[in-house]
There are 2 protein chains.
Amino acid sequence: MLGKTTEYAIRALVYIHIQNMEGERPGFKEIAKMIDSPEQFTGKVLQNLTRANIVSSMKGRGGGFFFNEPTNPITLFKVIEAIEGKEYFLKCGFGLKRCDTDNPCPLHDDYAPVRDSFFKMVNEKTIQSLANKINKHEATLNRL
Amino acid sequence: MLGKTTEYAIRALVYIHIQNMEGERPGFKEIAKMIDSPEQFTGKVLQNLTRANIVSSMKGRGGGFFFNEPTNPITLFKVIEAIEGKEYFLKCGFGLKRCDTDNPCPLHDDYAPVRDSFFKMVNEKTIQSLANKINKHEATLNRL
DNA sequence: ATATAAAAAGACCTGCATGTCTTTTTATAA
DNA sequence: TTATAAAAAGACATGCAGGTCTTTTTATAT
């Protein structure tokens with residue numbers, strides 16, 4: 001469903017949030033190690049998320065990644081939008097360039113609930129809620 | 001959701017079925033034109049579908065693509081499996097290598113219904129049922 | 001002030017999905 | 001039996017997601 005880049009992004013943000021709660025600001029090398037992602041590429045992805053104002057960073061000694069307002073929840077939708085693009089949830093599931101209620105593809109009506117349930121899910125779930133699940137040991141971030 | 005290749009495959013098969021009902025065996029050039037897909041690449045995709053025994057072909061004059069048993073319905077799942085691979089509906093939505101009920105990712109429970117509704121849909125829909133919708137003018141195959 | 005730890009930046013690489021071009025093979029109509 | 005229309009086959013091209021490497025910039029501890 002989601003690209004690897006988006007998966008890294010979500011896992012990285014969850015880890016950052018968990019560490020922030022402990023008063024830490026992890027760097028991308030630590031993050032990559034903990035979420036089992038390629039180190040340099042994770043740096044790139046975090047750079048993009050920083051530019052998209054989803055997370056903040058501090059250069060220099062003692063720097064790292066952190067959330068400016070940890071209480072302001074970030075939906076997965078926001079992350080997906082930033083990485084995959086705004087059209088992600090709008091494209092026709094059948095590949096037609098023009099597809100709407102007036103001129104529907106043969107999957108139009110049946111694809112809609114699938115896309116909508118996915119859309120609903122990524123709007124309900126936030127980086128914070130996933131982090132909480134992990135803190136409560138109800139879920140895990142990596143494969144170790 | 002689905003790759004372009006899979007989209008071309010489904011559209012091509014639907015068009016072939018519609019033409020077969022008219023007693024025709026379309027070639028890949030005609031198919032590509034009608035479903036608005038790249039001509040040569042569509043030939044490639046149909047070659048693969050032929051090898052996967054999803055559709056049949058005849059070389060030579062008067063040849064083209066056709067279904068051996070048009071009454072035997074082909075689910076979209078079968079096409080997706082052939083093009084995207086068997087793992088398509090099995091991968092963790094969070095990107096974890098190991099993710100199961102014992103060791104779930106934080107999206108495990110919420111992703112399952114999304115994936116399942118998609119899975120259900122592609123198992124219910126068949127090339128034939130989509131073709132029927134088009135024949136009844138309830139849907140369209142291309143963007144013209 | 002200086003050394004250092006960190007992110008930012010950008011050049012580069014790789015593999016695969018996607019797509020094109022040309023040649024070969026084959027069935028059949030004439 | 002020959003010409004032809006068609007798919008098969010395979011070499012080649014392109015673009016982008018995913019990934020690596022090196023250099024630059026910056027904050028801060030010392």
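Each reported figure results from applying straightforward, stated rules to the coordinates on display, with no laboratory input. Keep in mind that this is a model prediction, so the values were computed, not measured. Cβ sites come from the backbone with ideal geometry, for glycine too, and all protein chains shown count toward neighbours.
Have a look at A:ASP110, A:ASP102 and point out the one that is within 7 Å of another protein chain (Cβ to nearest Cβ), of a type in the set (D, E, K, R) and free of Cβ contacts under 8 Å to residues at least 60 places away in the same chain.
A:ASP110
From the list B:PHE94, B:PHE118, which one is buried (at least 16 other Cβ atoms within 10 Å of the Cβ), free of Cβ contacts under 8 Å to residues at least 24 places away in the same chain and at the interface with chain A (Cβ under 9 Å from one of its Cβ atoms)?
Criteria check complete, one pass: B:PHE94.
All but one of (1) within 11 Å of chain A (Cβ to nearest Cβ); (2) on the phi < 0 side of the Ramachandran plot; (3) crowded, with 20+ Cβ neighbours inside 10 Å hold for B:ILE80; state the number of the condition that does not hold.
Exception for B:ILE80: condition (1).
When the residues of the range B:1-45 are filtered to those that are away from every other protein chain (no Cβ under 11 Å) and assigned to a loop (DSSP other than H, G, I, E, B), which remaining residue is nearest to DNA strand C (Cβ to nearest atom)?
Only one residue tops the list, namely B:PRO38.
Considering only residues of the range B:50-65 that are more than 8 Å from DNA strand D (Cβ to nearest atom) and buried (at least 18 other Cβ atoms within 10 Å of the Cβ), which is farthest from B:LYS120 (Cα to Cα)?
Checked the range B:50-65; the qualifying residue farthest from B:LYS120 (Cα to Cα) is B:VAL55.
Quick one: count up the residues across the range A:63-91 that are assigned to a loop (DSSP other than H, G, I, E, B) and either closer than 18 Å to A:ALA9 by Cβ or in contact with an Asp or Glu (Cβ under 9 Å, 6 or more places away or on another chain) (or both).
7
Scan the range A:58-72 and give yes if some residue there is in contact with a helix residue (DSSP H, G or I) (Cβ under 6 Å, 6 or more places away or on another chain), over 30 Å from B:ILE35 (Cα atoms), within 14 Å of chain B (Cβ to nearest Cβ) and not aliphatic (A, V, I, L, M), otherwise no.
Scanning the range A:58-72, I find no residue that is in contact with a helix residue (DSSP H, G or I) (Cβ under 6 Å, 6 or more places away or on another chain), over 30 Å from B:ILE35 (Cα atoms), within 14 Å of chain B (Cβ to nearest Cβ) and not aliphatic (A, V, I, L, M), so the answer is no.
Considering only the range B:46-62, how many residues are more than 12 Å from DNA strand C (Cβ to nearest atom) and assigned to a helix (DSSP H, G or I)?
So the answer is 3.
Against the conditions (1) buried (at least 19 other Cβ atoms within 10 Å of the Cβ); (2) under 14 Å from the mean Cα position of the chain (by Cα); (3) not charged (D, E, K, R), where does B:TYR111 fall short? Just the number, please.
Tallying (1) buried (at least 19 other Cβ atoms within 10 Å of the Cβ); (2) under 14 Å from the mean Cα position of the chain (by Cα); (3) not charged (D, E, K, R), B:TYR111 fails exactly one: (2).
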